[in-house]
1. Please compute, over every Cα-Cα pair in region 67-119, the percentage with a separation greater than 15 angstrom.
2. Quick one: longest stretch of the chain between exposed loop GluC sites (Glu not before Pro), exposed meaning at most 14 other C-beta atoms within 10 Å and loop per DSSP?
3. Write down the accessible area per residue of region 59-100 in Å², having rolled a 1.4 Å probe over the full set of protein chains.
4. With a 1.4 Å probe and all protein chains left in place, how much of the accessible area of region 47-114 comes from carbon and sulfur atoms, in whole percent?
5. For the chain, what is the calculated [θ] at 222 nm in deg cm²/dmol (nearest 500), taking -39500 (n - 2.57) for each run of four or more DSSP H residues and dividing by its residue count?
6. Region 1-74 to region 76-151: how many Å between their Cα centroids?
7. When only alpha-carbon atoms are used, what values of Rg and Dmax, in angstrom, describe region 3-149?
8. DSSP loop (so not H, G, I, E, B), at most 11 other Cβ within 10 Å: list which trypsin sites (Lys or Arg not before Pro) in region 106-138 pass both filters.
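The values are calculated or read from the model by the stated rules, or taken from the named source; none is laboratory data. Bear in mind the structure is a predicted one, so any value in this text is a computation, not a measurement. Reconstructed Cβ throughout: ideal geometry from the backbone, glycine too, with neighbour counts over all protein chains shown. The accessibility values were calculated without ligands, DNA or RNA, using every heavy atom of the protein model including side chains. Shrake-Rupley method; radii C 1.70, N 1.55, O 1.52, S 1.80 Å.
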Amino acid sequence: MRIAVFPGSFDPITLGHYDIVSRAIPLFDKIIVAVGTNANKNYMFSLEQRTAWIKETFKEEDKVSVDTYSGLTVEYCNSVGAQFILRGLRNPSDFEFEKAIAQTNRKLKGDLETIFLLTASGLSSISSSIVRDVIRNNGDYAQFVPAAVRL
Ligand code: ADP
């Protein structure tokens, strides 16, 4: 079984995340969207809320499940038997950031490969942080997120 973990904050899930998971479905037998809990991050939405929106979004997809984790991503991957980490790339700063994380993760666990999918054109400007700003300022956030995300 090819199992991929898609780790992230998903605060909230956006159409960018949705696109990456949807395009990864044919590549893997199972994709676990893993919502990280990092004590140093200030989230806008609770872990329960973020998880519930992702579950609702992928409820028709048998291959996609949702979980939460804390600690090292490589340890979490180990615990669920995943051989792959899935990440999305939007721009050069994502590349630099992701390169450092992926290379570190390979040093921590050599048989774990990070697989990158390039963002779809039109979605590269979507980020959870910008969506949070739109929400805070009462803008039309619905065009940036899956239909399950409703406040
Ligand atoms: P993190 O806090 O780990 O960066 P995010 O929820 O912000 O968590 O992002 C999780 C993953 O989704 C990252 O690999 C990020 O590059 C990717 N991602 C976010 N937005 C997009 C997008 N618009 N297009 C493609 N990938 C995206």
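1. Values: 641 of 1378 pairs.
Roughly 47 percent, once rounded to a whole number.
2. Numbers: sites that count: GLU60, GLU61.
The longest such stretch corresponds to 62-151.
3. Numbers: 2510 Å² over 42 residues.
Here the per-residue accessible area is 60 Å².
4. Working: 2000 of 4060 Å².
Solvent-exposed carbon and sulfur of region 47-114 make up 49 percent of the total.
5. Working: 5 runs with 55 residues, N = 151.
Here the helix-only value at 222 nm equals -11000 deg cm²/dmol.
6. Distance between centres, Cα-based: 9 Å.
7. Calculated on Cα positions, Rg and Dmax stand at 14.7, 45 Å.
8. Working: sites: ARG106, LYS107, LYS109, ARG132, ARG136; in loops: LYS109.
Here no loop site has a sparse enough neighbourhood.
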